[in-house]
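Note sheet for the following structure.
Values quoted throughout were computed directly from the atomic coordinates according to the rules given, and no laboratory measurement underlies them. Keep in mind that this is a model prediction, so the values were computed, not measured. Heads up, the Cβs are rebuilt from the backbone with ideal geometry, glycines too, and the neighbour counts pull from every protein chain shown.
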Amino acid sequence: MGVLKMTKSNIAERPAFGAILTMVAGSIDAYTFMLHGEVFAGLQTGNLILLGLNLGRGQFAISLRYALSLLAFFVGTILIRLLQRSHQLRDNDKRRRQMILAYEFSLLIIVAFLGKYLPNLLATSILSIAAAAELQEFRKLAGGPFTPLMMTGNLRTLAETSFDSIVYHEAAAKSKFKTTALIMITFALGASIVAILIPIAGTWTILFPAVLLAIAWSLIYFNAD
């Protein structure tokens, strides 16, 4: 079965669906970094490093932008956890995922229309909340753990599976290598497309990942229960 083929069941855990999510993640991070003060919306490891560096340099005003993104991501995760633990949605994966994708889409639309007027700290905080929603809900891919934002772990997996598939000819390792490579490529591709679009569309560039989220929502909506 090819990595891009999606079946009617468990569509949210298929590699192609994960590729859409990672492209969204890469797009949002590139967008906030380029347009809103060089802060990442989702890559909180990077923000934590930059927070520490600026604190060490005594640049407290700059440190605030990274601290707020970390806080927004924290709050965004809790909001989604409330949905996941709610009686109405905890056992209804399809409905919950549709709601979360629509919620993330709405946050991106807000930034698209108000991006020119919002302070950098507020725009980045909104997008950090959106990134947290995606990371908290979509955590499985092809039967294994999945994080659409954490490329360091994916790079380690890529190295491991390439070794196991080439040296030991393991079919499972080869399949996982293809999936991981797809995820890493689409993350970088999302960032690249945003870099191309920003000089043309400016703050409206955030509509690109919004369209991807709409596609992801549609895939879940038309997927059989």
Check your understanding: Which value in nm describes the separation of the simple spin-label points at Leu71 and Arg90, placed 7 Å from the Cα toward the beta carbon?
Key -> 3.0
Revision key, fill the gap. Quick calc, the chain, dipole around Cα centre from Cβ unit charges on Lys, Arg (+) and Asp, Glu (-), nearest 20 debye, gives 280
Study note, to complete from the structure: Taking Cα atoms, the helix 207-221 axis meets the longest principal axis of the chain at an angle in degrees (rounded to 10) of 40
**Study point:** Net charge over other residues, Cβ less than 15 angstrom from the Cβ of Ala181 (K, R count +1; D, E count -1)
**Key:** +2
Review point. Quick one: length gained pulling Phe113 to Phe163 fully straight, 0.36 nm per residue minus the C-alpha distance?
Key: 13.3 nm
Point to revise | Radius 13 Å from Cβ of Arg156, net charge of other residues (Lys, Arg +1; Asp, Glu -1) | key: -1
Practice item. Relative to the longest principal axis of the C-alpha atoms of the chain, give the angle of the C-alpha long axis of helix 93-114, reported between 0 and 90° and rounded to the nearest 10°. Key: 30
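How high is the relative contact order of the chain, in percent, counting Cα pairs under 8 Å that sit 6 or more residues apart?
Once normalised by length, the contact order is 36 percent.
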Practice item. Only helical DSSP H runs with n ≥ 4 go in: add -39500 (n - 2.57) per run for the chain, normalise by residue count and round the 222 nm mean residue ellipticity to 500 deg cm²/dmol. Key: -25000 deg cm²/dmol
**Study point:** Theoretical gain in end-to-end length, Ser192 to Ala61 [0.36 nm per residue, Cα-Cα removed]
**Key:** 44.2 nm
Review point. Just one of (i) 54, 39, 33; (ii) 57, 35, 33; (iii) 52, 43, 37 is Cα extents along the principal axes in Å calculated from these coordinates, so which is it?
Key: (iii)
